[in-house]
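Here's the structure, in structure tokens; my notes come after.
The values are calculated or read from the model by the stated rules, or taken from the named source; none is laboratory data. Given the structure is predicted, the values throughout are model-derived calculations rather than measurements. So basically every Cβ, Gly included, is an ideal-geometry build from the backbone, and we count neighbours across all protein chains shown. Remember, those area values only see protein heavy atoms, side chains included, never the ligands or the DNA or RNA. Shrake-Rupley method; radii C 1.70, N 1.55, O 1.52, S 1.80 Å.
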Amino acid sequence: MELSVYKIDGSESGKKVVLDEKVFGVEPNDHAIWLDVKQYLANRRQGTHKTKDRSEVAYSTKKLIRQKGSGGARHGSLKAGIYVGGGRVFGPKPRDYSFKLNKKLKQLARHSALTYKAKENAIVMVEPFTMDAPKTKEFLQILSNIKAGNRKVLFVLPENSSNIYLSSRNLPEVKVVTVDEVNTYNVMNAHSMVLVDGVQDILSSRVRR
């Protein structure tokens, strides 16, 4: 797939790049995408949810009523789960939700996600640029010039640029990442991608490792 590289003013630079078929033209595997996204979201969970069971509730352990003769059920403690304020029965406990996936499966998932974006013509190439200072208004103008769209945008840099990152920090629909931070979830969660020229070569070089 061949794409034109745009300048930040929206004009074409005259350069064209060919996206690597091994990264942007694979046979998409939806199940691999699902597994990778599931792992990403699971690994983000803190797992600190906790409720108190009957052994942890601060209540008296005095027997409420006599065992027999009351005509009602037998009760031995206010800590029982059937009472208001009693212990939670089978409540959640702290746990680790993370799990591992095969490295090649994660790579397949990422390439499948990138392939979907390429098929949808949702990838815009822009030539490398710098910003002298964090300017959100200036960054928005760049996105408008290259017609990146007003929906969720994943902006991928070949290396970290604090001014570009800070310029986008207040924009809820824009996420700026370096090529090392590209993952299946971020790609699938965006409606379009902006790749700074050079990112595609880094992604392709990793396939050959």
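Points worth noting:
- Summed over the stretch 174-184, residues that are open to solvent by 60 Å² or more (accessible area, probe 1.4 Å) and farther than 12 Å from Lys152 by Cβ total 2.
- Residue selection: Val124 fails the criterion of being within 30 Å of Ser13 (Cα to Cα), without any contact (Cβ under 8 Å) to a residue 40 or more places away in the chain and out of contact with any helix residue (DSSP H, G or I) (no Cβ under 6 Å at 6 or more places or on another chain).
- Where a residue in the stretch 149-162 is aliphatic (A, V, I, L, M) and its partner, wherever it lies, is open to solvent by 50 Å² or more (accessible area, probe 1.4 Å) and not in a loop (DSSP other than H, G, I, E, B), with Cβ under 7 Å and at least six apart: Leu154/Lys175
- Selection of the stretch 22-60 for residues being in contact with a Lys or Arg (Cβ under 7 Å, 6 or more places away or on another chain) and either touching a residue at least 40 places away in the same chain (Cβ under 8 Å) or exposed (fewer than 13 other Cβ atoms within 10 Å of the Cβ) (or both) yields Asp36, Gly47, Lys50, Thr51.
- Screening Asp197 with (1) in contact with an Asp or Glu (Cβ under 9 Å, 6 or more places away or on another chain); (2) exposed (fewer than 15 other Cβ atoms within 10 Å of the Cβ) gives one miss only, at (2).
- Which numbered condition Met131 fails, given (1) of a type outside the set (Gly, Ala, Ser); (2) in a helix (DSSP H, G or I); (3) surrounded by 15 or more Cβ atoms within 10 Å (Cβ to Cβ); (4) over 21 Å from the mean Cα position of the chain (by Cα): (2)
- Extreme residue, nearest to Gln107 (Cα to Cα), among residues of the stretch 1-14 that are of a type outside the set (Gly, Ala, Ser) and surrounded by 13 or more Cβ atoms within 10 Å (Cβ to Cβ): Met1
- Flag for Arg95 being exposed (fewer than 13 other Cβ atoms within 10 Å of the Cβ) and in a loop (DSSP other than H, G, I, E, B): yes
- Qualifying residues in the stretch 137-154 (those that are under 23 Å from the mean Cα position of the chain (by Cα) and closer than 12 Å to Leu171 by Cα) - the one surrounded by the fewest Cβ atoms within 10 Å (Cβ to Cβ): Arg151
- Qualifying positions in the stretch 184-204 - at pLDDT below 95 and within 15 Å of Lys104 (Cα to Cα): Leu203, Ser204
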